[in-house]
1. Might you let me know whether the range B:18-40 holds any residue that is among the β-branched types (Val, Ile, Thr), touching a residue at least 40 places away in the same chain (Cβ under 8 Å) and closer than 23 Å to residue A:90 by Cα?
2. Looking at the range A:3-52 only, could you name the residues that are more than 16 Å from residue A:106 (Cα to Cα), facing chain B (nearest Cβ under 10 Å) and either among the basic types (Lys, Arg) or more than 11 Å from the chain's Cα centre (by Cα) (or both)?
3. Please give the strands (runs of 3 or more DSSP E) falling wholly within the range B:55-112 in which 1 or more residues are of a type outside the set (Gly, Ala, Ser) and within 11 Å of chain A (Cβ to nearest Cβ).
4. Can you pull out the strands (runs of 3 or more DSSP E) entirely within the range B:1-53 that have at least 3 residues that are within 15 Å of the chain's Cα centre (by Cα)?
Amino acid sequence: QKEVEQNSGPLSVPEGAIASLNCTYSDRGSQSFFWYRQYSGKSPELIMFIYSNGDKEDGRFTAQLNKASQYVSLLIRDSQPSDSATYLCAVKAAGNTPLVFGKGTRLSVIA
Amino acid sequence: NAGVTQTPKFQVLKTGQSMTLQCAQDMNHNSMYWYRQDPGMGLRLIYYSASEGTTDKGEVPNGYNVSRLNKREFSLRLESAAPSQTSVYFCASREGGRDEQYFGPGTRLTVT
């Protein structure tokens, strides 16, 4: 059974701080890694994806991947109250296989 | 570009009734997916269609059927709704050759 684990939270950070969200996965054959943001009552929105070991930056977001340790993380710099949402980690193996999602981490940014 | 659209947005059914949830995408994506999301359970895959003409079961297919009508449309049918099928249903699609998946706005279904 392929699993993706996330701490459910809530993770509370003050406005302006760095929020760090973590995810581990069980399938060593995983090749693609995604972070989705989901506001309450809305659908998941893709915010980052990473395929290679190391860091990938996009604005205030940085995704980090370590395949040897089987973890992927998302850093949000200068956190804003509008970043308060549930963040879903998803992992995909090669080929025509579906994404496997974690249950999400709820982030709360306190003004 | 509307992306992924779903109808209806909300639906209330009585136990035993049937209904079809509709999903369409205008991005020329090959693969389409149906998920349900329940509190504490995360997103669970019901069925998916890797390409037009094919469908496969996901993690929780019991009580559901799907039809990939054409490349744009993928419908989910509940033949005899049960209260356990009360959930939010999301459709998603993915372009061939890429791994990123995009979601529709969801259908909130209540079965009484």
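Please treat every number below as a calculation from the coordinates, not as lab data. Since the model is a prediction, treat every value here as computed from it, not as a measurement. Cβ: placed from backbone, ideal geometry, glycine included. Neighbour counts: every protein chain shown.
1. No, every residue in the range B:18-40 fails to be among the β-branched types (Val, Ile, Thr), touching a residue at least 40 places away in the same chain (Cβ under 8 Å) and closer than 23 Å to residue A:90 by Cα.
2. A:31, A:32, A:51
3. Filter on the range B:55-112 gives B:87-94, B:101-103, B:107-111.
4. B:4-7, B:19-25, B:31-38, B:42-49
Yes/no per residue for (1) in contact with a Pro (Cβ under 9 Å, 6 or more places away or on another chain); (2) surrounded by 14 or more Cβ atoms within 10 Å (Cβ to Cβ):
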| site | (1), (2) |
| --- | --- |
| A:6 | no, yes |
| A:12 | no, no |
| A:23 | no, yes |
| A:28 | no, no |
| A:43 | yes, yes |
| A:58 | no, no |
| A:72 | no, yes |
| A:80 | no, no |
| A:85 | no, yes |
